[in-house]
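Below is one structure, written out as structure tokens; comments come after it.
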Amino acid sequence: MTENNEYIKMDWFGLTGGIATGKSTVAQLLSKAGAAIIDADILARKAVEVGAPAYSQIVHDFGTEVLNADKSLDRKKLAQILFNSKEAKSKIEGAIHPEVRKMSINAYDELADSGAFPIVYDVPLLFEKNMAQMFSGTVVVACDKSTQIERLMRRDEIDKIAAELKISSQLDMQKKIEKADFVIWNNGSEEDLKSEVDVFMAYLRED
């Protein structure tokens with residue numbers, strides 16, 4: 001597989017959603033239903049392990065003050081840097097994202113060689129980073145705004161205003177729905193959600 005934005009494999013799906021819409025739960029349900037999951041967040045953590053190329057680049061750019069006593073990256077300090085500087089954010093993402101991309105392609109190749117189907121890449125910023133063209137299909141996990149706010153308030157123990165601010169910082173959910181090839185709705189119970197996932201998996205497995 002070549003490393004560019006033009007390859008498309010018919011068993012390769014991008015999964016995304018919004019904060020507190022249930023993307024992680026859907027990924028778990030897809031895994032239980034037989035899908036192979038590649039998790040971008042896990043790859044991002046691997047990309048900044050001590051000695052990894054992205055780790056070395058970040059330390060080079062920001063110095064040892066971003067390290068913990070054990071030489072691992074201090075995520076709280078990095079988060080503060082990201083929040084306060086667009087230039088720093090660009091540097092950090094520029095170090096991490098190419099490595100995550102390489103690892104995701106390697107993971108896909110290994111799974112494809114083993115005959116896994118479908119292969120699902122769980123990635124929060126799928127549309128924000130213009131990754132849709134990588135996949136044979138994109139899936140968004142969505143719920144209505146009031147449900148999203150309630151879940152986020154409960155999960156993060158914050159008030160409604162704070163929840164709305166967090167949600168507004170992301171790409172609008174309706175835009176994600178319009179861009180996606182498939183929508184898995186999560187407005188009800190986990191059993192309802194499981195039914196949605198089962199329908200999606202059944203569709204993929206149709207001849």
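Can you spot a residue in the stretch 123-130 that is touching a residue at least 24 places away in the same chain (Cβ under 8 Å), out of contact with any Ser or Thr (no Cβ under 8 Å at 6 or more places or on another chain), within 14 Å of G22 (Cα to Cα) and not in a helix (DSSP H, G or I)?
Residues of the stretch 123-130 that are touching a residue at least 24 places away in the same chain (Cβ under 8 Å), as a first pass: 123-130.
Still in the list and also out of contact with any Ser or Thr (no Cβ under 8 Å at 6 or more places or on another chain): 128-130.
Next, only the ones that are within 14 Å of G22 (Cα to Cα) stay: none.
No: zero hits.
Could you run through the stretch 36-77 and say how many residues are in a helix (DSSP H, G or I), closer than 25 Å to T25 by Cβ and out of contact with any Leu (no Cβ under 9 Å at 6 or more places or on another chain)? Give the derivation first.
Here is the first cut: in the stretch 36-77, the residues in a helix (DSSP H, G or I) are 40-47, 53-62, 64-66, 75-77.
Then drop every residue that is not closer than 25 Å to T25 by Cβ, which leaves 40-47, 75.
If we keep only those that are out of contact with any Leu (no Cβ under 9 Å at 6 or more places or on another chain) too, we end up with 41-47, 75.
Within the stretch 36-77, residues that are in a helix (DSSP H, G or I), closer than 25 Å to T25 by Cβ and out of contact with any Leu (no Cβ under 9 Å at 6 or more places or on another chain) number 8.
Among what's in the stretch 167-193 and is part of a helix (DSSP H, G or I) and buried (at least 17 other Cβ atoms within 10 Å of the Cβ), pick the residue that is farthest from the chain's Cα centre (by Cα). Quick ask: steps written out before the conclusion?
First, the residues of the stretch 167-193 that are part of a helix (DSSP H, G or I): 167-168, 173-179, 190-193.
From what is left, the residues that are buried (at least 17 other Cβ atoms within 10 Å of the Cβ) are 167, 173, 176, 193.
Working: I167: 16, M173: 15, K176: 13, L193: 19 Å.
Step by step, filter the stretch 167-193, then rank; the result is L193.
Pairs only if they're at least six apart or on different chains, beta carbon under 7 angstrom, first in the stretch 162-191 and in contact (Cβ under 8 Å) with a residue 40 or more places away in the chain, second among the acidic types (D, E) and assigned to a helix (DSSP H, G or I); list them, first residue then second.
What qualifies is I184/E196; W185/E196.
Looking only at the stretch 89-117, filter to residues that are surrounded by fewer than 18 Cβ atoms within 10 Å (Cβ to Cβ) and among the acidic types (D, E); which one of those is farthest from N130 (Cα to Cα)?
Among them, the one singled out is D113.
Every number in this text was worked out from the coordinates using simple rules, so none of it is lab data. From a predicted model like this one, the values you see are computed outputs, not experimental measurements. Note that each Cβ is placed from the backbone with ideal geometry, even for glycine, and that neighbours are counted across all protein chains shown.
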